[in-house]
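The values are calculated or read from the model by the stated rules, or taken from the named source; none is laboratory data. What you are looking at is a predicted structure, and each value in this text was computed from that prediction instead of being measured. Virtual Cβ from ideal backbone geometry, glycine too; neighbours counted across all protein chains shown. Just the protein is used for accessible areas: all its heavy atoms, side chains included, with ligands, DNA and RNA removed. Shrake-Rupley method; radii C 1.70, N 1.55, O 1.52, S 1.80 Å.
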Amino acid sequence: MRQDINHNIQDIQDRIAAAELAAGRPAGSVQLLAVSKTKPVRAIVEAYLAGQRHFGENYVQEALSKQAELGAFDLTWHFIGPIQTNKTKAIAEHFAWVHSVDRLKVAERLSAQRPRYLPSLKVCLQVNISEEPSKSGIMLSDLATLAAAVRSLPHLSLCGVMAIPEPQFDPIIQRMVYRRFYEAVIALKVPELSGFSMGMSDDLESAIFEGATWVRIGSALFGARA
Ligand SMILES: *Cc1c(COP(=O)(O)O)cnc(C)c1O
């Protein structure tokens with residue numbers, strides 16, 4: 001089945017705008033990150049032609065080969081996957097944003113390896129809000145300490161937090177989980193933690209109600225992944 005990416009982008013932008021309005025938030029306060037992992041370069045080009053500029057990828061090698069093919073396009077790349085320390089150099093060199101920083105060692109390496117000719121790497125700290133120790137992300141109780149350390153790194157710019165909650169079908173539960181997270185982060189009073197990367201295809205409205213500034217959308221935009 002052919003996916004009409006142009007149509008899907010308009011559709012998601014409409015969903016975002018409706019949720020901003022319903023939540024009483026300013027129009028344009030939520031940005032769309034198109035998650036293009038496993039999708040071909042031509043899908044990214046289609047999204048680009050529909051006006052999309054921010055793309056998220058989870059796998060370093062896959063992202064670098066797409067970036068090489070798409071060098072002529074003015075795209076902003078976000079790394080959103082788990083980070084192995086042996087991949088920090090490639091990430092520091094080839095991305096504008098990283099949403100998935102979850103330990104100081106990774107942050108230190110990203111800062112040290114960020115090329116000096118590029119602006120600071122924008123980072124979000126990934127928090128595990130499902131309370132399953134197996135999931136990536138730091139515990140909320142460790143967020144303030146990591147934020148303080150990351151703030152002092154010279155070539156990173158701390159921009160916010162990211163979370164991937166356990167999938168929940170019920171929007172009331174989706175919102176409750178996001179609200180608790182949002183309130184816990186705000187309570188820390190760390191001014192840099194003002195960005196909230198939260199919300200995916202199935203819960204973007206809930207995330208926007210509870211303060212998302214980036215929604216990371218894959219399947220609703222590019223179709224289901226194999
Ligand atoms: C794949 C992925 C997404 C997109 O998920 P969809 O449900 O397809 O919208 C968002 N965030 C992260 C971190 C992902 O890995």
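With every protein chain in place and a 1.4 angstrom probe, the accessible-area ranking of 108, 46, largest first, reads 108, 46. The modelled label-to-label distance between residue 134 and residue 41, using points 7 Å beyond Cα along the C-beta direction, is 3.7 nm.
Cross-link partners for residue 66 among the aspartates and glutamates, with Cα-Cα distance under 16 Å and sequence neighbours closer than 8 places in the same chain left out: 46, 57, 74, 93.
Remark on residue 138: its backbone amide H falls under 5 Å from those of 126, 127, 128, a criterion applied only to residues 5 or more positions apart or on other chains, H modelled at 1.01 Å from N. Shown is the FRET efficiency for residue 21 and residue 89, computed with R0 = 41 Å from the Cβ-Cβ distance and rounded to the nearest 0.05: 0.45. Of the residues 94, 155, 78, ranked by 1.4 Å probe accessible area with the largest first, the sequence reads 94, 155, 78. Only protein atoms count toward the accessible area here, which uses a 1.4 Å probe; on the chain, the carbon and sulfur part of that area reaches 54 percent.
The phi-based Karplus calculation (6.51 cos²θ - 1.76 cosθ + 1.60; θ = phi - 60°) puts the 3J(HN,Hα) values of the range 134-150 at 6, 6, 6, x, 7, 6, 3, 5, 9, 5, 4, 5, 5, 4, 4, 5, 5 Hz, whole numbers, x for Gly and Pro. Computed 3J(HN,Hα) for the range 45-51, one whole-Hz value per residue from the Karplus formula 6.51 cos²θ - 1.76 cosθ + 1.60 where θ = phi - 60°, is 4, 4, 5, 4, 5, 8, x, glycine and proline marked x.
Give the shape of the range 49-124 as rounded, prolate or oblate, defined through the alpha-carbon gyration tensor: a ≥ b ≥ c are the square roots of its eigenvalues, a/c under 1.5 means rounded, and otherwise the shape is prolate if a/b is larger than b/c and oblate if not. Prolate is the answer for the range 49-124, as a/c is 1.5 or above and a/b outweighs b/c. Shape class of the range 146-226 from the Cα gyration tensor (axes a ≥ b ≥ c, square roots of the eigenvalues): oblate, since a/c reaches 1.5 or more and a/b does not exceed b/c. Between the range 1-76 and the range 178-210, what is the C-alpha centre distance in whole Å? One Cα centre to the other: 20 Å. Accessible surface comparison of 182, 117, 48, 59, probe 1.4 Å, protein chains only, largest first: the order is 117, 59, 182, 48. Restriction of the trypsin sites (Lys or Arg not before Pro) in the range 1-49 to DSSP coil positions whose beta-carbon has at most 13 other beta-carbons within 10 angstrom yields 2. Which of rounded, prolate, oblate describes the chain, given a ≥ b ≥ c as roots of the alpha-carbon gyration tensor eigenvalues and a/c under 1.5 marking rounded, otherwise prolate only if a/b is larger than b/c? Note, shape of the chain comes out oblate.
Residues in the range 189-194 carry Karplus couplings, in order, of 6, 9, x, 5, 7, 9 Hz; the curve used is 6.51 cos²θ - 1.76 cosθ + 1.60 with θ = phi - 60°, and Gly or Pro positions show x. In the complete set of protein chains, residue-level accessible area for residue 21 is approximately 140 Å², probe 1.4 angstrom. Under 5 Å between amide hydrogens, built in the peptide plane, is the criterion, and for residue 214 it picks out 31, 196, 197, 198 among residues at least 5 positions away or on other chains.
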